[in-house]
Amino acid sequence: MRDFSQFLSARSFAVFLFHGVVRGSRPGIRNYTRKHLHYDEFVATIRGLCAAGEPVSMDEIVAASAGKGNLPRRAFAVTFDDGFRNNYTVAAPVLADLAVPATFYVTTGFIEANSVSWTDLIEYAFEVSGPIELSLPFTGACGTAATREEKIRLLDEIRRDAKANRDLDPCAFAGEIWRQLGVTRFEPDPELDDKMSWEQVRTLHQNPLFAVGGHGHTHRVLAYLDDRDLQGEITESLSKLRQCLGGTVVHYSYPEGQPECYSERVIDALRGRGIVCSPSAVHGVNRVGDDLFRLKRIAVV
Ligand SMILES: [Zn+2]
């Protein structure tokens, strides 16, 4: 298990990025990226961080950056992206027991329809298929894969190429992979696929330890959208959240979060909607005073 306390220091603060926490282990293709951490590892990681540092909320980071209060030494924040149900059922009780604040950035379209991202759909298709033969010239990836290792290598390539292609509609792309592999039915794995209900999102928000923020409505890369779609995506996600939570929303995180996924135009659009902080998924730690729309995070995988 990796020791994440190595990222804590007296001169910086760390923001950790989680997606999910599961109790079962999965030896197949699904969750090969370890997007969902095993429960035991999650508990050990959070305990280890608490022993080595001081947990803070994203609100405390925002306040410290405005000169209202100081962060403790070796401060760290816990964040979750996407809105998986296991955030509520598995992770939140652990965090509440240990009094660790957390911010949950949810993709409102996933919550509304309990739907699944295009990457999860592609991983599913690879898992249920035998030997794979794909022809995907528009991503630059094409190839065959028979073993688990070969499938993972091909998935990594597809994921990288598809994310870098701003002209690609990722949902249509996942559909094309399903078509080529002859997959027609999705049988969800509840632990990996279920998203929170609105009621669960609201319950998290009502806990003073926790905050809820936006993470797109469709999870499309914000910087790839034209002005109209960008405004639409942000407006839709925030109005759904405000409707659910009955108050203002000031936190956001960028879907995918890599340097090409956000821009000054995206940041202006979020600021214009009342957002005060939006961390990226770029790896690294931060200092008080760093731009709250360009904070780095450390993915716990
Ligand atoms: Zn995401």
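For this structure, a couple of remarks:
For (1) closer than 27 Å to GLY216 by Cα; (2) at pLDDT 95 or above, each residue gets a yes or a no:
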site	(1), (2)
PHE84	yes, yes
GLY109	yes, yes
ASP120	yes, yes
CYS142	no, no
LYS151	no, yes
GLU157	yes, no
ALA162	yes, no
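- Check on ALA44, over 30 Å from ASP161 (Cα atoms), within 16 Å of the ligand (Cβ to nearest atom) and modelled with pLDDT of 95 or more: no
- Hits in segment 147-163 - residues which are over 24 Å from TYR224 (Cβ atoms) and assigned to a helix (DSSP H, G or I): ARG148, GLU149, GLU150, LYS151, ILE152, ARG153
Yes/no matrix, rows are residues, columns are (1) over 22 Å from LEU121 (Cβ atoms); (2) more than 20 Å from the chain's Cα centre (by Cα):
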residue: PRO188; (1), (2): no, no
residue: MET196; (1), (2): no, no
residue: THR203; (1), (2): yes, no
residue: LEU209; (1), (2): yes, no
residue: ASP226; (1), (2): yes, yes
residue: VAL300; (1), (2): yes, no
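To keep it simple, each residue is scored yes or no on (1) away from the ligand (no atom under 16 Å from the Cβ); (2) without any contact (Cβ under 8 Å) to a residue 40 or more places away in the chain; (3) of a type in the set (A, V, I, L, M, F, W, C).
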{"position": "ALA211", "(1), (2), (3)": "yes, no, yes"}
{"position": "VAL221", "(1), (2), (3)": "no, no, yes"}
{"position": "ASP229", "(1), (2), (3)": "yes, yes, no"}
{"position": "ILE234", "(1), (2), (3)": "no, yes, yes"}
{"position": "LEU245", "(1), (2), (3)": "yes, no, yes"}
{"position": "GLU256", "(1), (2), (3)": "no, no, no"}
{"position": "PRO259", "(1), (2), (3)": "no, yes, no"}
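- Filter pass, THR79 being touching a Leu at 6+ places or on another chain (Cβ under 6 Å) and touching a residue at least 60 places away in the same chain (Cβ under 8 Å): yes
- Given (1) touching a Lys or Arg at 6+ places or on another chain (Cβ under 7 Å); (2) touching a residue at least 60 places away in the same chain (Cβ under 8 Å), number of the condition ALA91 does not satisfy: (1)
- Beta carbons closer than 8 Å, at least 6 apart along the sequence or on distinct chains, pair a first residue in segment 178-189 that is on the phi < 0 side of the Ramachandran plot and in contact (Cβ under 8 Å) with a residue 40 or more places away in the chain with a second that is open to solvent by less than 40 Å² (accessible area, probe 1.4 Å) and assigned to a loop (DSSP other than H, G, I, E, B) for LEU181/SER129; VAL183/SER129; PHE186/VAL116; PRO188/VAL116; PRO188/ASP194; ASP189/ARG30.
- Within segment 34-71, the set of residues being surrounded by 19 or more Cβ atoms within 10 Å (Cβ to Cβ), part of a helix (DSSP H, G or I) and in contact with a helix residue (DSSP H, G or I) (Cβ under 9 Å, 6 or more places away or on another chain) comprises PHE42, THR45, ILE46, LEU49.
- Residues (loosely packed, with under 15 Cβ neighbours inside 10 Å and aliphatic (A, V, I, L, M)) located in segment 156-199: ALA164, ALA172
- Residue in segment 102-115 that is over 25 Å from LEU245 (Cα atoms), open to solvent by less than 10 Å² (accessible area, probe 1.4 Å) and part of a helix (DSSP H, G or I) present: no
- Those residues of segment 176-192 which are outside any loop (DSSP other than H, G, I, E, B) and more than 19 Å from LYS151 (Cβ to Cβ), in sequence order: PRO190, GLU191
- Restricting PRO279, PRO255 to those that are out of contact with any strand residue (DSSP E or B) (no Cβ under 6 Å at 6 or more places or on another chain) and open to solvent by less than 30 Å² (accessible area, probe 1.4 Å) reduces the list to PRO255.
- Whichever residue in segment 225-245 is surrounded by fewer than 20 Cβ atoms within 10 Å (Cβ to Cβ) and touching a helix residue (DSSP H, G or I) at 6+ places or on another chain (Cβ under 8 Å) and, among such residues, is modelled with the lowest pLDDT: LEU245
The values are calculated or read from the model by the stated rules, or taken from the named source; none is laboratory data. None of the values given here were measured: they were computed from a predicted structure. Cβ atoms come from the backbone with ideal geometry, glycine included; neighbour counts cover every protein chain shown. Just the protein is used for accessible areas: all its heavy atoms, side chains included, with ligands, DNA and RNA removed. Shrake-Rupley method; radii C 1.70, N 1.55, O 1.52, S 1.80 Å.
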